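See structure below.
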Amino acid sequence: MSRNAESTAFRSALEVVRGVEPRVADAIAAELADQRESLKLIASENYASPATLLAMGNWFSDKYAEGTVGRRFYAGCQNVDTVEALAAEHARELFGASHAYVQPHSGIDANLVAFWAVLADRVESPALRKAQARQVNDLTEADWFALRRELGNQRMLGMSLDAGGHLTHGFRPNISGKMFDQRSYGTDPATGLIDYDRVAEAAREFKPLILVAGYSAYPRKVNFRIMREIADSVGATFMVDMAHFAGLVAGKVFTGDFDPVPHAHIVTTTTHKSLRGPRGGMVLCGPELADQVDRGCPMVLGGPLPHVMAAKAVALAEARRPDFADYAQRIVDNAQALADGLLRRGATLVTGGTDNHLVLIDVSGYGLTGRQAEQALLDSGIVTNRNSVPQDPNGAWYTSGIRIGTPALTTRGLGATEMDATAELIHTVLSQTTPGTGPDGAPSKAKYVLDPAVAESVGKQAADLLTPFPLYPAVDLG
Ligand code: PLP
């Protein structure tokens, strides 16, 4: 697409929106301005391409298309079939999977679809079989009761939240924590790394139906071959949630033992993090689980979002291009440059570094909580998020960590030199921030003191760092 076409497309779209509700148009324009100006280090965010963004804003949004390609509960879905089939084909080719289900609206939804597929496949329930064979009228109240009891008490073993696991892997605030009897495996307290022998031991003791690997805040590779062996040794289904690192799998940075697709029975992902697509989710699996996965809608999901599936098809086509592999490698190179820069300046990093797209700083070394550090960095134009560290004494709200990630800045084109400069800015803010006190003079986990002149100077340097790397350079909203 020519740069001119991109600019015209976005300008025209805003003009049309402005004609109805100018405040929405203003907010959209303000969001672009904010994203352009901030040093975005949120590990789960990125910047989708103009083609991906534009594929979402159209009349596909008006379609209902429950069912799957060629088997819809609504008439007139031929064009939805085209985009859904294209997105699935790109996903299969990109990841080398035999089946791809591209309807999940988000990562949570993709996980729910996967959990349901595994339960439906693995749990011996005559009532469930009748229900799935559409003999619902033959089911008695007692059958339904048995079905709920049988499906509702299954076991899941996943990575603990404070070691970097995700809420959807069986933790209480999420429905997965209510559906499953959950246990978690942590990391070695000395190294911060997954101890596979301990995982195997936990699996032997707990005998989970599902063993989950995948994380939101673990800065290292996971050996999926070993995890599959552990799952096999106890008869568990092995599921990997690659939401965070799907881009690194797509870009062939994670291969062999570190590519989940050949090793897992089922893989879920988001499409909007390192994969750089629209907000959404996806499930990949082999033929054994394909039929159950395809029941995701209406079992777990509402009608699919055809406009987002169109955007998934575009983003996945982009990820199949050779330059995506280069992008994925630069994400990791940048994360390592950032980690090195922080370590050289004296920061403490969980696991001592990174081999993926994220770095976890233990800010207790600066005498701060994660919440204080997050806000002080934000005051200085650096957008991050606080995160627990293993065995975090400050809990999940205040935390002791700051998670930073490089997918977004790498999309803008920043490289190793800018990562070192970023490390310097982060270190400056954290080393010059001190904990504050509450109204009663007691130490506070939220309040902090940072000289506004330091915040202003760092903010200015952060903005200068971004100047040579404009975001959506072709888009001029006037
Ligand atoms: N799984 C993992 C590992 C994640 O990190 C996330 C989101 O951060 C999700 C699932 C949920 O994704 P979503 O916010 O799209 O529902």
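The values are calculated or read from the model by the stated rules, or taken from the named source; none is laboratory data. None of the values given here were measured: they were computed from a predicted structure. With ideal geometry, Cβ positions are generated from the backbone for all residues, glycine too; neighbour counts draw on all protein chains shown. We work out accessible area using only protein heavy atoms, side chains counted, and drop any ligands, DNA or RNA first. Shrake-Rupley method; radii C 1.70, N 1.55, O 1.52, S 1.80 Å.
Structure notes:
- When Y215, Y196 are compared by accessible area at a 1.4 angstrom probe, the order from most to least is Y196, Y215.
- In this simple spin-label approximation, V24 and A75 carry label points 7 Å from Cα along the Cα→Cβ vector, and these lie 3.0 nm apart.
- Using distinct alpha-carbon pairs, which all enter the 1/r mean, Kirkwood radius of the chain in Å: 23.7 Å
- Carbon + sulfur, % of accessible area of the chain - ligands and nucleic acids excluded, 1.4 Å: 53 percent
- Seen from R122, the other residues with C-beta closer than 15 Å to its C-beta sum to a net charge of -3, counting Lys and Arg as +1 and Asp and Glu as -1.
- Among the listed pairs K63/K312; K207/K252; K221/K445; K178/K273; K273/K447; K40/K460, those beyond 22 Å (Cα-Cα): K207/K252; K221/K445; K178/K273; K273/K447
- Ordering of 304-312, 351-359, 432-440, 324-332 by packing [mean C-beta count within 10 Å, highest first]: 304-312, 351-359, 324-332, 432-440
- Shape of the stretch 121-197, Cα gyration tensor, a/c cut at 1.5: prolate
- In the context of the full set of protein chains, the chain has a per residue accessible area of 42 Å² (1.4 Å probe).
- In order through the stretch 281-292: 3J(HN,Hα) via Karplus (6.51 cos²θ - 1.76 cosθ + 1.60), integer Hz, x for Gly, Pro: x, 7, 10, 10, 7, x, x, 4, 9, 4, 5, 5
- For the stretch 324-335, Karplus couplings with θ = phi - 60° (6.51, -1.76, 1.60), whole Hz, Gly/Pro x: 5, 4, 5, 4, 4, 5, 5, 4, 5, 4, 5, 4
- A prolate overall shape is assigned to the stretch 21-148, the ratio a/c of its alpha-carbon gyration tensor axes (a ≥ b ≥ c) being 1.5 or greater and a/b exceeding b/c.
- The chain, relative contact order in percent, only Cα pairs under 8 angstrom and at least six apart counted: 21 percent
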